[in-house]
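Reviewing the structure listed below.
The values are calculated or read from the model by the stated rules, or taken from the named source; none is laboratory data. All figures in this text were calculated on a predicted structure; none of them were measured in a lab. Note: ideal-geometry Cβ built from the backbone for every residue, glycine included; neighbour counts use all protein chains shown. What goes into the accessible areas is simple: the full protein's heavy atoms, side chains included, and nothing from ligands, DNA or RNA. Shrake-Rupley method; radii C 1.70, N 1.55, O 1.52, S 1.80 Å.
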Amino acid sequence: MSQIDRITSPAAVRAASPEQLTELAADIRRFLVDKVSKRGGHLGPNLGVVELTLALHRVFDSPADPILFDTGHQSYVHKIVTGRAGDFDQLRVRSGLSGYPDRAESEHDWVGNSHASTSLSYADGMAKAFDVRGEKNRTVVAVIGDGAMTGGMAWEALNNIAAGKDRPLVIVFNDNGRSYAPTTGGMAERLAALRLKPGYEQMLGAVKGGLLRAPGIGRPMFGVLHAMKSAIKDFFLPQTLFQDLGLKYLGPVDGHDIGAVERALQRAKGFRGPVLVHCITNKGQGYPPALADEAEMMHSPAAFDPDTGKPLAAGVRTFGQVFGEELVRHAAIRDDVVAITAAMSGPTGLGPFAEHYPDRFYDVGIAEQHALTSAAGLSFGGLHPVVALYSTFLNRAFDQLLMDCALHGRGVTVVLDRAGITGEDGPSHHGMWDMTIAATVPALRLAAPRDGATLRAELAEALDVDDRPTLLRYPKGAVPQELPAVRRIGSGDAAIDVLYEREAPGGVLLIGVGVLAAAAVEAAERLADHGIDATVVDPRWVLPVSPELVELASEYRHVVTVEDGGRSGGVGAAIRDALPTDADVLVLGLPQDFLEAASRSDLLAEKGLTGQAIARTVAGHVSGAARTPGERRRSGDESRSARPEHPGR
């Protein structure tokens, strides 16, 4: 019987013997490899926090003592300890077990977080709340990695946490030298130096015990040794950085030694104030294929063979790969092109650029705000920066995009991967807010490539813009088959690609944004089978709305926009606003809601954004528009101006 079968709550972990804990840790690692191998998920981060999580639940009384996991992708072990091991067969599937903490799943999940550098702010607020309520016996615990500690928000929180001298709050600094990839920056270099000397803390502890037992000279000699220890530690990592803030510092501790971590946490808990416990761990611990993966330590693999760690499915060519290759090509021609990422060079496609042009590549850590303003500074210095992020993380840098880049007319190109629906990572990672954000930024130009060819063309056009920010966005997954234009209206970056047309203008104009242009073409073909003529266009640069598109739309009775972003304030809304008030415009997109974890194809179908669903909706709209206003009111089908965001609420 696996030790995991005995774990129904943290109480079972607290009752376990040291031998049972060792066996449980091994069982958890085997369990994680087995379950994650079936459908993918965050493996490496969870393998690295097994002993650390067990120690946390032995020392603290969750949920009375909240345990918060920064970013949250390393919470699988926490889920096992809190009785959810039986749900792992449904990990990261619709209505199944979330890949992140989820308040709806368990009382032990206080925060459904999955963006980095937030845990300390949550913890600060909770500790203050418990203080106000007089609940002095509760301790808030935040587990944050060295990657997340590169985010400015974490340091803002530290500044406030330290002010609460008598508020019990324990920060567990999980230091493994990595975020997605190896952590970069000045602090990371100091931590790396210390990490190479993990034995000195144990050595000093052993010497301390011997000296204190020595008669006469033991205690004075220990004082000298303690001063030397502090000097040595300050050389490698200025613990005074934390202590001067008012934080008690403990460590470093071997994060894979349950007993050592437990003792450090007990000391921290007893302090009854803000304490930082520095634990050194190995991402991917205990699974050789993960440890051998130097690039990512199997951070978030797709389904794989548990025996070898090799992926089960062949890799696909992604938009990120096309972008990365194309940027390297431009950099060879233009020495002013530089690249920035926020701790995600590999996933965003910038790995080849970093390899070819290391002196023109900047990984700023998990600091999207800094990335955008630093990019503005690079442009002031005569360079053209390209900032590559996940779409969902642009949300964090909106002010910098607006005030630091756009207000100053900076030629900064932002490339967003994982735009639209991303799938199994759930509501925090769906990149459905980017076009709504972009539409509010004056002068910003937004392109949504529909395939690899248009990505290459639009990237080249973006790099030639030096008086305003440009933004390119595309989804996760394989690059779709190329969708050539049948003809082009206009020229240059103002051109509109006509992808499908039947008969003369006058019927329906379908405006497909990005990869949904293919679904719009399919819809037009289906409409033709039902006697409805439609033309499909891809505006390429979809924001701001071009005069050419407004002129073209005036030739049609019905205008339908199709996008995989939020309907409110997105591209369709901008097109509707640019047309005369009496124009018949139907905006199809995603509801402005937090969509659950599910496959991209399933969610697109559910939200009415497949070719078949679009055709059905357009046919119904055209039929309804042909009736008199009185007939529409009697049937409950209101006018376009009253219900611009049909369907799919």
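Considering region 15-73, and only residues there that are polar (S, T, N, Q) and in a loop (DSSP other than H, G, I, E, B), the residue that is least open to solvent (accessible area, probe 1.4 Å) turns out to be Ser62. Any idea how many residues of region 250-283 are without any contact (Cβ under 8 Å) to a residue 40 or more places away in the chain and within 19 Å of Gln20 (Cβ to Cβ)? Total meeting the criteria: 2.
If you check Leu527, Leu483, Leu509, Leu549 for being on the phi < 0 side of the Ramachandran plot and open to solvent by 10 Å² or more (accessible area, probe 1.4 Å), only one passes: Leu483.
Looking only at region 276-317, filter to residues that are among the polar types (S, T, N, Q) and surrounded by 13 or more Cβ atoms within 10 Å (Cβ to Cβ); which one of those is farthest from Gly48 (Cα to Cα)? Across region 276-317, the extreme among qualifying residues is Ser300. Could you tell me whether any residue of region 77-99 is part of a loop (DSSP other than H, G, I, E, B), open to solvent by 10 Å² or more (accessible area, probe 1.4 Å), within 25 Å of Ile366 (Cβ to Cβ) and touching a residue at least 12 places away in the same chain (Cβ under 8 Å)? So far as region 77-99 goes, yes, one or more of its residues are part of a loop (DSSP other than H, G, I, E, B), open to solvent by 10 Å² or more (accessible area, probe 1.4 Å), within 25 Å of Ile366 (Cβ to Cβ) and touching a residue at least 12 places away in the same chain (Cβ under 8 Å). Scanning region 346-365 for residues that are of a type outside the set (Gly, Ala, Ser) and over 23 Å from Phe380 (Cα atoms) yields Pro347, Thr348, Pro352, Glu355, His356.
For first residues located in region 114-143 and without any contact (Cβ under 8 Å) to a residue 60 or more places away in the chain, partners that are polar (S, T, N, Q) and surrounded by fewer than 23 Cβ atoms within 10 Å (Cβ to Cβ) and lie 6+ apart or on another chain with Cβ distances below 6 Å form the pairs Asp124/Asn160.
Based on what the data block shows, is Gln3 surrounded by 15 or more Cβ atoms within 10 Å (Cβ to Cβ), at pLDDT below 90, of a type in the set (S, T, N, Q) and in contact with a helix residue (DSSP H, G or I) (Cβ under 7 Å, 6 or more places away or on another chain)? Answer is yes for this residue. Take the conditions (1) within 21 Å of Gly572 (Cβ to Cβ); (2) of a type in the set (Asp, Glu); (3) exposed (fewer than 15 other Cβ atoms within 10 Å of the Cβ); Glu501 misses just one of them, which is (3).
The single condition among (1) open to solvent by less than 40 Å² (accessible area, probe 1.4 Å); (2) without any contact (Cβ under 8 Å) to a residue 60 or more places away in the chain; (3) farther than 18 Å from Gly452 by Cβ that Phe353 does not satisfy is (3).
Would a scan of region 423-439 turn up a residue that is outside any helix (DSSP H, G or I), touching a strand residue (DSSP E or B) at 6+ places or on another chain (Cβ under 7 Å) and of a type in the set (S, T, N, Q)? No, because not a single residue in region 423-439 is outside any helix (DSSP H, G or I), touching a strand residue (DSSP E or B) at 6+ places or on another chain (Cβ under 7 Å) and of a type in the set (S, T, N, Q). In the condition set (1) within 28 Å of Val479 (Cα to Cα); (2) modelled with pLDDT of 90 or more; (3) open to solvent by less than 10 Å² (accessible area, probe 1.4 Å); (4) not in a strand (DSSP E or B), Cys405 is compliant with all but (1).
Condition check for Leu472 on (1) open to solvent by less than 40 Å² (accessible area, probe 1.4 Å); (2) not in a strand (DSSP E or B): one failure, at (2). Looking across Arg418, Arg329, one residue alone is farther than 22 Å from Pro475 by Cβ and of a type in the set (Lys, Arg). It is Arg329.
If you filter region 321-345 down to residues that are open to solvent by 50 Å² or more (accessible area, probe 1.4 Å) and part of a loop (DSSP other than H, G, I, E, B), you find that the one that is farthest from Gly377 (Cα to Cα) is Arg334.
Residues of region 271-318 that are in a loop (DSSP other than H, G, I, E, B), more than 14 Å from Val33 (Cα to Cα) and of a type in the set (Ser, Thr, Tyr): Thr281 alone. The numbered conditions (1) in contact with a Ser or Thr (Cβ under 8 Å, 6 or more places away or on another chain); (2) surrounded by fewer than 20 Cβ atoms within 10 Å (Cβ to Cβ) are all true for Arg410 except (2). Within region 602-627, the set of residues being charged (D, E, K, R), under 30 Å from the mean Cα position of the chain (by Cα) and either modelled with pLDDT under 90 or surrounded by fewer than 19 Cβ atoms within 10 Å (Cβ to Cβ) (or both) comprises Asp602, Glu606.
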